[in-house]
Amino acid sequence: MAKFIFITGGVLSSLGKGIAAASIANLLKESGLKVNILKADPYINVDPGTMSPLEHGEVFVTDDGAETDLDLGHYERFLDENLKQVNNFTTGKVYQSVIEKERRGEYLGQTIQVIPHIVGEIAQRMENAALNQDVLIVEIGGTVGDIEGLPFLEAIRSLGLKYGKQNTFFAHLTLVPFIKVAGELKTKPTQHSVGELRRIGISPDMIIARSEIALGEEIKEKIARSCGVEIDCVIESIDAQSIYQIPLKFNEQNILLPIAKHLNLKLKNPNLKNYENLVEKIINPSKKTKIAFVGKYIGLKESYKSLTEAIIHAGANLDTKVEIKWIDSEEITIDDLQDCSGILVPGGFGSRGIDGKLLAIKYARENNIPFLGICLGMQLSLIEFSRNVLNIQDANSSEFDEKADTIYLIDNFINQNGNQQIRTIKTPLGGTLRLGAYACNIKKGSLLHKIYNSDLIYERHRHRYEANPKYRELYEKNGLIISGESNGLIECIENTNNDFFVAVQYHPEFTSRLKKPNPVILSFIEKCVK
Ligand code: GLN
């Protein structure tokens, strides 16, 4: 069994608990350990799949098709591992499985209660993720004091008792606000938050203090004394220019020393040279480019988290600052696009803002502007091409016009082609989704083949609609080739009349890492720089 590091949060949310957890995971892995990481979300939704991106931010998709919290994206990017279904669960999921077991009679007539059954199910899920690992990091979503978080805190408290002090470590992230009029940092919210944690029976071993400015020795001592932790266990997390600096800043404070001592871990010195160089390129790049990002959820940029991170990865590897010009697809005009070196149309659901995206795609195609379309962005590229090049005026997706068939439901594709190879999931809402990683065969001689330098790639999906292959020949005769496919499904297209007009049905952003940027996003940005 692995050693456990539990990360809780206090005072308020959005302090960067996910980044802190991911940073510790990154450092432990770089120090030679086998590390897994899990996020336990106390909300009731079974998963975030049905939540509005404007409310909850992006839904991150794993290789095995889990729809997860966006923190899982940070975990994958910082840990450089592909995570799975077991790495994220919610109250909804926990209750669902307990109730299913109850219905099957597995509890042999017992009365089912929060303690021990719900808490036991939570602890069991954590133990499952800890199998065959050196360390499991568990982040508890929300903050101490949330009603729905209580069973999760009780579960980690019970694991603390079960495995003992030498195998479990509790880190608590809080806010140390700077009060301008007083010119002072205040530790009281941290003290209250730790008090709340103690009331539940958990004493933190480490305080990670998020603050605007450096804490200084005096404040560190005060936190150490009032929260009952050693002074080397007060770690500051000052607002950084880039989240990728956080592991480096933690490492400068020797965050792993007290953790390793407490858990009796043998660590080698982390080798962070390559990583450091890339972070330096994020902070001080020598080149610059600007791209138009035409989306409809731009009110909450977190809706596109993995994509904006993937753009940062590409930029760092190209020594380039990529400025994103956020353009609301409901309000876009051609003028908005004039000062951009490339145009990106990301994924999305529903008809709002479609016309604006089509306008941007037409502009890119007609003016040979580097273009990348993702998921809905690919579907709209086909609609735009059908309408304006092939002259099929009513070309559309059946998502927006029931009679249309340029883009149609995956169910139709499967029915027509009788292809049973295609793995899909049925959602309780009644839809069929393609979710998770799929193989995609890349056409030799295509631009995409140069980009990936491979005949076969795996990328992740999350969509219900597909390009209808009946138009394939017509597209290709007119220069729009299918450069990637999966069991007859159109996965990638490129317009051979343009220098860089590529669109993909999958989400390349989910597999991008700082040290391994996604090839198609990297090539797109490279083209924009040129
Ligand atoms: N709405 C489209 C579909 O369901 C595209 C989804 C997406 O962009 N992720 O197929």
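The values are calculated or read from the model by the stated rules, or taken from the named source; none is laboratory data. Because the structure is predicted, anything quoted here is derived from the model rather than measured. Note that each Cβ is placed from the backbone with ideal geometry, even for glycine, and that neighbours are counted across all protein chains shown.
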Query raised in the report: Can you tell me which residue in the stretch 424-444 is farthest from the chain's Cα centre (by Cα), limited to those that are assigned to a strand (DSSP E or B) and hydroxyl-bearing (Ser, Thr, Tyr)?
Result: THR432
Report task. Give the number of residues within the stretch 207-218 that are within 21 Å of VAL144 (Cβ to Cβ) and either in a helix (DSSP H, G or I) or not aliphatic (A, V, I, L, M) (or both). Result -> 2
Query raised in the report: Is it the case that the stretch 141-153 has a residue that's loosely packed, with under 12 Cβ neighbours inside 10 Å, out of contact with any Phe, Trp or Tyr (no Cβ under 6 Å at 6 or more places or on another chain) and aliphatic (A, V, I, L, M)?
Result: yes
Report task. Looking only at the stretch 272-293, decide whether some residue is surrounded by fewer than 18 Cβ atoms within 10 Å (Cβ to Cβ), farther than 30 Å from LEU318 by Cα and aliphatic (A, V, I, L, M). Result -> no
Report summary line: Being out of contact with any strand residue (DSSP E or B) (no Cβ under 9 Å at 6 or more places or on another chain) and within 16 Å of the ligand (Cβ to nearest atom) narrows LEU429, LEU489, LEU433 down to just LEU429
Query raised in the report: Regarding HIS449, is this residue within 16 Å of the ligand (Cβ to nearest atom), touching a strand residue (DSSP E or B) at 6+ places or on another chain (Cβ under 9 Å) and at pLDDT 95 or above?
Result: no
Query raised in the report: Mind checking which pairs have a first residue in the stretch 120-134 that is farther than 14 Å from ALA155 by Cα and a second that is of a type in the set (Asp, Glu), Cβ under 7 Å, 6 or more apart or different chains?
Result: none
Query raised in the report: Any residue in the stretch 120-127 that is in contact with a Gly (Cβ under 6 Å, 6 or more places away or on another chain), modelled with pLDDT of 95 or more and either among the hydroxyl-bearing types (Ser, Thr, Tyr) or buried (at least 19 other Cβ atoms within 10 Å of the Cβ) (or both)?
Result: no
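Residue by residue, here is whether (1) without any contact (Cβ under 8 Å) to a residue 40 or more places away in the chain; (2) under 22 Å from THR511 (Cβ atoms); (3) not in a helix (DSSP H, G or I) holds:
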residue: LYS268; (1), (2), (3): no, no, yes
residue: ASN271; (1), (2), (3): no, no, yes
residue: ASN277; (1), (2), (3): yes, yes, no
residue: LYS281; (1), (2), (3): yes, yes, no
residue: THR289; (1), (2), (3): no, no, yes
residue: ALA292; (1), (2), (3): no, no, yes
residue: SER303; (1), (2), (3): no, yes, no
residue: LYS321; (1), (2), (3): yes, no, yes
residue: ASP336; (1), (2), (3): no, no, no
Query raised in the report: Restricting to the stretch 355-396, what's the tally of residues that are within 20 Å of GLN505 (Cβ to Cβ) and either of a type in the set (Gly, Ala, Ser) or within 10 Å of the ligand (Cβ to nearest atom) (or both)?
Result: 13
Query - Among residues of the stretch 1-58, those that are part of a loop (DSSP other than H, G, I, E, B), in contact (Cβ under 8 Å) with a residue 60 or more places away in the chain and of a type in the set (Gly, Ala, Ser), counted - result: 7
Requested in this report: Would you please list the contacts, defined by Cβ atoms under 6 Å and residues six or more apart or on different chains, that run from a residue in the stretch 450-470 that is over 16 Å from ARG513 (Cα atoms) to a residue that is of a type in the set (Asp, Glu) and within 13 Å of the ligand (Cβ to nearest atom)?
Outcome: TYR465/GLU399
